[in-house]
Each structure stands twice: as structure tokens, then as C-alpha cells.
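The values are calculated or read from the model by the stated rules, or taken from the named source; none is laboratory data. All of these numbers come straight from a predicted model, not from anything done at the bench. Positions of Cβ are backbone-derived with ideal geometry, glycine not excepted, and every protein chain shown enters the neighbour counts.
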Amino acid sequence: MTDAATLGRPAAAGPVPHQPIQALMIAIGQEIFAIETAMVREIIDPVPLTRVAGAKAHLPGLINVRGNIIPLADLHERFGMPAGQTTPDTRIVVIEVEIDEDPVTLGIIADKVHEVSEVSRANAQQTPRIGMNWRPEYISFITKWNDEFIIVPNLSAILV
Amino acid sequence: MMDLDPTEIFRQEAAELLETLETVLLDLGQRPGDGDLVDAAFRALHTIKGSGAMFGFDRVAAFTHDFETAFDLIRKGRIVADHEIVTVSLSAKDYIRTLIEDPDSTDAIIGEAIVAELHRLVSGLGSGGAGAEAHEPEAAAPPAEASPEEAGWAIGIAFNPDILRNGTNPLGLLDELRDLGPCEVVADLGAVPELAALDPEHCFIRWTVRLHAPCPREAVEDVFMFVSDEMTLTIAPLGEAAPDAAEAPMPAAQAAAISAPPARKTPAAKTPVPAKPAAGEAPAAERPAPDKAEHNRRSDDKGSTVRVQAERLDELMDRVGELVIAQARLSQLAHVSNDLAIKAIAEEVERLASGLRDTTMGVRMVPMGTLFARFRRLVHDLSRDLSKPVEFVTVGEDTEMDKTMIERLADPLVHLIRNAIDHGIENAEARAAAGKPATGRIELSARYVGAQVLVSVQDDGGGLDTARIRAKAEENGLIQPGAALSEHEIHQFLFHPGFSTARTISALSGRGVGMDVVKRTIEAMRGSIDLTTVPGLGSSVTLRLPLTLAIIDGLLIRVGEGRYIIPLSAVEECLELTPADENRSRGRSFLSVRGELVPFLRLRDQFDAAGQPDPHQKVIIISTGEMRVGLVADQIIGSHQTVIKSLSKLHADVTMFSGATILGDGSAALILDVAQLVGLGQGRAETDKTMEAA
């Protein structure tokens, strides 16, 4: 694929579509996801998970983060990956997202946390319609970072 | 963070006063002659007027003034507040509310009409003919003091020395007196000490006022209405030989009369008046006792309540929650420690924390009465609009619930009460035909049952028309004609969205919205709704609500790897699952507790627990209302002070748990939703029954 800056996609996410955004790069399975830093509250080491019987598979349980009990989301399932094993690299990224206009705090399991970097819609690739098992509404756009494709997820859609 | 906008404070205060006023007016409708109630209404009006003017709500102040003027006649006992007056007063009260909340939405002409109507009622019954000007009828029928009123009054004023500390401005009161008519004010500086000993926060000055105005005695007393407990007031007619107190300082009058704010340190009128305090005592004692009592009660109320923002309470609760968690960790540490001192401190902290917890929780609890009082107006208005006389009875007003729960209950109860009056209570002919008293009866009650509060609305009307509900359900295609359904199942259609059996749509009901909303609201509060009816005798709707408190006593149990909390208030007893029951339970899942059959649920199955069950399974018998269910767990760990944290919105689909808490080791544990589990158990028991029947 060559330069994609000329893609005339409607600017769905934000008033300034080509403004670079600060994002935290995390690995989930083999993929790299970019989480906007404005959402990120903190990154913590793994803590014991309390499993919630009857909850949806991508929200398997609760964790205690400094006296607040928040849900822990495991995005592996949503992207068709096998559940990750806890390794020395595993972290929990605590984020705040808006769901039905209410701010909701939750943790996301990251198999590895890379670094904060800039991503821009200007480099966005057209989300391919074929060759992908992921549901298109889960993805805001796909872009390039360090010669790798990264996914900017639409967390509100993924979590509900 | 704190919003100290004075206008907002006035709004809040006025809202409370208006609420009080409404209650008082409704009470007055039932006990028309009660002077205390009239006084209470008058005081509320007076305060609204005063603070309204202070905060620039001029229209409010002006209207309230007129309202108050009319009400004054009732207060004086010239006329008795009858039903009509109460009704007009209620609309006047509503008008004040509109003026405060949304003044642009209303026209002054409405206010004028209300005042005119009030005056018509008041003066039509009173002795004076022309009633628009309040002072006229007062002057027209003075009980005994006709002549002195012409001349005016000699007023002796002696405040308690510390009155200034309470923010009272004596000069303001003197100005109010001047509003009544021309005054000669004489200050008595006799008690003012030497400069060195002068405490500027003490009021040493006494005043003698000669008021030359034909106003009634009460008008003078009204000026001092709010400070009468903190002063000695003497009022004597001017015409008569005035008491010594008033006479003595007369020579000095010329000197000090003109300068109204008397210069404190000028010993101009150093005329000691030893007779005055004595003269003052007597008339004060003569004042009617109930009046005095009212004033006392009022000041008591003021002293013992503090208005706190709800968020601050929530914050306090959160802090206490954190403290309880920290305390649990301390106790755990102390438990494994050998240090006796640590153990002693841990115990002490535990005791303090649990006391603090109870107190804080108590602060958040509000008696149901505050909610119930609101519905009296609703019933009053509906009963008038529908011409169905209704007696409204409330029971269990002192049942306490969390404030947020009470707020959320208001709308559902409005629906239920409306339904009861509109659909439940029959019209007069039907009641007469059924041999019932003409006045219908609606009972709103609240009581504790186990860990729940039951709130029910009961009417003595015709009951539900099961056949008609069935017909309607068939018509709407909800059921097949002729389907075999129990009455209970048929009644459930009432909670169906858009379901209404009302033949005509009225302003109140018949649109088919309501019961489904009620049901949804109650379920959102993790409560449930029951409907029972006896044809011809009435129906009742019962809401079962959890006492959602921020902290509860819980029983900590272990199921597989996970630890869970059962609210202790729901726990009846704990048993060991005998091997006999264990083995038999493949076939049936209930056990016999002292001869009674109790269904049980294996929590391991419910929670999909991994690993092998413990050899000796425990049964915890829980109950809500009449139902009992056993829960089978691997281990009972012990009691635990549980700070309830609600589950995230993302887990809204989880029904078995009502919340989560943090354990001493910092991990999270889920709190079982007992009502849900009992429901599961019930379902299980019913399947068992059908299996046995088959």
C-alpha cells in the first residue's frame, strides 16, 4: 500500500481528523493497539481477578484498583484470539471511556505495553473488508507505526 | 466545589418551607380549628416573604404578603379555615412555587385572581364587609381594645444581652415599628457599662417606643415574632395612664427620639428605670401558652438540624468505607500477630469503625414519612377532580430508607396511587350498590421484612377485573384465546408496555403507560412488585425493595476459589449438608429443615466453580419475605463488614450479584443478590413440583 493521505473518508472521530493523537501502544495477542492517552488513567501490574459468574466473556471479572472496584476487560475474545497467559510483560491499563454518555472506568489486559507515540489518521489505511475476521465496528481505523500496522480500536463499541 | 449562590439557598429553603406549608394546609383541612397549624402556616409564609424580599424575589414577596394578609384573619381566629380556603391556599402555595422556580411562565393576573378569591372567602365569612385591605376588618372587629388602638401603644423593649450574636438587628425591628406609624423611640442606656467593660457584642440598650398609630396589638407583636423568646416585650395602650416604665423616660424623649439609631456611648438618657423589668415580666407570662410552646419548638428545630449537601454525605460514606476496609486489614494482621498491644488496638479500632459506620449510615437514612407526605396533596387533588371522596391512610412513616432510594420511589408511587384512585376506587353509585361506605380508603404503608422494605398501596375498591384483562390480552394478541392461565399470570399483563383496560382515556390514566414504567423502575432498584386483588374488596400493590445501604454486615463464604458475601440480615441459619441429603439430591434439591421443605441451590453450579467440592458442604439458609432457600457453599469463613460498591455499568447484565466489596487482603468479592437467588430457588422448587406431579 502506498500513501493513503488522500483517502476521502468521512471524519468520524473528532473535529480535527488529521491532527496527530498521542496514543499508548499495547500488544494484545499478536496485534498492536493504540489507546488514546487522554483515556489512560494508569498502568499497573497484574492484580488478582475476581471472576463474575454470568458475565460476558470479554468482561470476565473485577479488580480492586486502590479501593475502587472496576471491571477488567479482556479483548482477546473480541478479536478472536486465544486468551493470553500472564507473563512478566502483562500489565493492566486502566482507562476511562464514555458509555452512553457516562464515564466508565475499567482495566484492559495488555500482553505488553510498548510506548506512547503519535498516530495520525493521515496515515490511516482503509480498513480492508475482506481478509479480516474482526467486526468492522470494533475498529476506528488502522494505521502504521514503525512499519507495523496498528489498530485504533473503538472501545465504546467493543465493550458494550 | 461548593455552590454558595444565595439565590440557590433561598430556592432550597423556600422549597422546604413550601413543603411544610402544604403539609400544614392539608392538616388544616382535616382539623380546621387547630390554632397551632394556622400559626405554623403563617410563620412559613412570613419567612418566605422575608427572605424572598431579601434575595430580590420581589414578586414572591409581594404575593406572599397578600397571601399572608388574608391568612392573618384566619390566624386571628376571626374565621375558620374551611375546605374551600384550604384548596385556594394550596393553589396560592403552588403559585408561589411557580414564582420562585419559573416566574416568566406565569402571569401576575393569576396571582391576583388567587388573592381575590382568598379575600372573597376570608371576608365573606368574616365580620368586616370590604375585605381587600386586611387592616380594615381587623380594626372593624377588635375584641376588647377598641379605644386604646386609636391612640397607639407604649412599647417597652428589652432584649436578652446576647441577642446580637444571633444576628438580630434591633434597629431593623425599630424600623419595622416605624412602618406601622409615627414612633417616638427612647433608648435607655442605663445598663451600658464603662467603656473598658463594654462588650460590643452585648446589647445593653433598652428601648421605649410610643407608637402613635391605630394598629392592633397583634401588629406590634408580629414585629417581634421571631425574637419573642429572647426578649421582654411590654405593650400597653397609650391612652391609659401608661405604666411607670413608659412614663419615666418621657422627659428625655425629645432628646433621643429623633436620632433613631441611638449613639451607644452617649449617656444622654441615663434614666435608670428599675420598674421596667418587673413590668415586662408580667405581660410576657400572660401570653397564651401554646404560642410560646410553638416558638420553643421552632427554635429547637433550628438548633438540631443541619443542612448538608448530598455529595458531602456520599463522600463521608466513601471515606468510612475506606476506613472499614483498612480496619479489616488491620484486624487480619492483628489476628496472626502475637503482639497483645496490636490486638488490643485492632479491637478498639474495630469497635470505633463499626460505630462510625452505623452513625454515618443513619445520617443517610430518611424516614418514609417525608415521601408519604407528598402524596397527601396528590390524593387531595385527585379525589376532588374525580369526585371520589377518599380517606388517605399512611402506616409506617418512620420506616427508614436510604435517601437516594426514597427519591427514586416517588414516581412509581405516584403512578400506583393514581391508579388506585382512578381505577381502584369505584364511583359513588357503585360503592353504594356494593354496600361500602361512600368514602374510599387508600392505605400507603411501609414496613421492614428481613433485609427488605415492603411498600404497599392498598385500596378498598372493586379489585381487578380479571376477565377484562384477559379479554384485552387476547385482543392485543398477547395470548391465544382460551389459553390456560392462572389469575396471577393474567394480572402480569398489566405490566406489559402499552396495556390499558381503561375504556376511556382520561388525563390520569388509560394511555397504557405507567405500570410497565413502575415495574422497570422497581426492578432497576433490584426490587420486585407483587399484585394481589380480591374481587369486590380491593387490590394492593406491594413493592419489595432492598435496603440498599452503603455498608452491610455480611457472611463471607467460599465457593471453589471465589469468595462471596451474603447479606447477614438475610441469613437464617447455617447447616452442614448431610451425606444423605448430598446423595439424594441428585434426584431432588430440597432438604428438610425441622420438617419444612427448603429448596437449595448449589452455588458451585451457579458460579461454574472449578476444582473439586469440599468434602463437607455447608448450607446457608436465606430468606426474603416468606420464601426460604438453602445455598450450598464449600466453606463459611465468617462475618464481614461489607462496604457495598456497585457493579460497573458494563456488568449491568449480571443478575446474581448486587455489588462487590473489598476484602481484607485487597481482593474483590461479590455480594450475592438474595432476592434473585431466592427467585432461582423458587423456580427450581416449582419445576420439582411439576416433575413430581408428572
For this session: State the number of residues belonging to segment B:653-679 that are closer than 22 Å to B:Val324 by Cα, within 8 Å of chain A (Cβ to nearest Cβ) and of a type in the set (A, V, I, L, M, F, W, C).
Result: 6
Seminar exercise, completed: B:Leu650 meets each of (1) in contact with a helix residue (DSSP H, G or I) (Cβ under 7 Å, 6 or more places away or on another chain); (2) more than 7 Å from every other protein chain (Cβ to nearest Cβ); (3) at pLDDT 80 or above with one exception, condition (2)
Exercise. Here are some residues: B:Asp34, B:Asp66, B:Asp107. Which one is at pLDDT below 80, charged (D, E, K, R) and more than 26 Å from the chain's Cα centre (by Cα)?
Worked result: B:Asp107
For this session: Just give me the residues in segment A:35-65 being under 30 Å from A:Arg121 (Cα atoms) and either facing chain B (nearest Cβ under 9 Å) or assigned to a strand (DSSP E or B) (or both), in sequence order.
Result: A:Ile35, A:Glu36, A:Val40, A:Arg41, A:Glu42, A:Ile43, A:Ile44, A:Leu59
Seminar exercise, completed: Scanning segment B:322-353 for residues that are touching a residue at least 12 places away in the same chain (Cβ under 8 Å), surrounded by 15 or more Cβ atoms within 10 Å (Cβ to Cβ) and away from chain A (no Cβ under 14 Å) gives B:Leu330, B:Ser331, B:Ala334, B:Ala346, B:Val349, B:Glu350, B:Ala353
For this session: Take A:Ala157 and decide whether it is closer than 30 Å to B:Arg563 by Cβ, in contact with a helix residue (DSSP H, G or I) (Cβ under 9 Å, 6 or more places away or on another chain) and of a type outside the set (Phe, Trp, Tyr).
Result: no
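Quick grid of which residues meet (1) surrounded by fewer than 19 Cβ atoms within 10 Å (Cβ to Cβ); (2) farther than 30 Å from B:Glu311 by Cα; (3) among the aliphatic types (A, V, I, L, M):
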| position | (1), (2), (3) |
| --- | --- |
| B:Leu37 | no, yes, yes |
| B:Ala41 | no, yes, yes |
| B:Ile48 | no, no, yes |
| B:Thr64 | no, yes, no |
| B:Ile74 | no, yes, yes |
| B:Asp82 | yes, yes, no |
| B:Ser89 | no, yes, no |
Seminar exercise, completed: Residue hits (segment A:84-103; without any contact (Cβ under 8 Å) to a residue 12 or more places away in the chain, on the phi < 0 side of the Ramachandran plot and within 14 Å of chain B (Cβ to nearest Cβ)) are A:Asp102, A:Pro103
Exercise. Hey, does segment A:119-132 have a residue that's surrounded by fewer than 18 Cβ atoms within 10 Å (Cβ to Cβ), β-branched (Val, Ile, Thr) and away from chain B (no Cβ under 14 Å)?
Worked result: yes
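Does A:Ala110 count as modelled with pLDDT of 90 or more, under 15 Å from the mean Cα position of the chain (by Cα) and either within 10 Å of another protein chain (Cβ to nearest Cβ) or over 30 Å from B:Arg558 (Cα atoms) (or both)? First the steps, then the outcome.
Details: modelled with pLDDT of 90 or more: yes; under 15 Å from the mean Cα position of the chain (by Cα): yes; either within 10 Å of another protein chain (Cβ to nearest Cβ) or over 30 Å from B:Arg558 (Cα atoms) (or both): no.
So A:Ala110 does not fit the description; no.
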Seminar exercise, completed: From the option list B:Gln641, B:Gln612, single residue qualifying as modelled with pLDDT under 80 and of a type outside the set (A, V, I, L, M) is B:Gln641
